[in-house]
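Structure, as structure tokens:
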């Protein structure tokens, strides 16, 4: 009985130590390449601000020399400005992309009613107007020929 209690006492900490590693193997985290650029920029921004605040605090309580403080401040300010510029460029690219999509949609909207209203006005084979002289098929709206079928054969 004493041996059983000793084994259980030895296994409990071992299981507690091994469990996080075993549990972590089953969960797939996103690889670093798949982290979005906005999240990465946000993390860099937060790190730059945290570093700047830490340098300010250390300098204000006297734990940091003036030269070291200026060097750290310049470094974190530069990082923050690089991140801000990258965010602006990303937003500008996003605006440009949205604007180009809107232009393409507007062009498609303009083209769509023209093609719907027009209907077939000429024969695709002989370019005749209202009626094909070869086959006699009426080319009014609603009656169309299938271009894959022989001339004068409709798909109806």
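No lab work stands behind these numbers, since they all come straight from the coordinates. Predicted model only: the values in this text are computed from it and were never measured.
Structure notes:
- Range of Cα positions in the range 36-118 per principal axis (Å), largest first: 81, 17, 15
- Using C-alpha pairs below 8 Å separated by at least 6 residues, the relative contact order for the range 36-118 is 32 percent.
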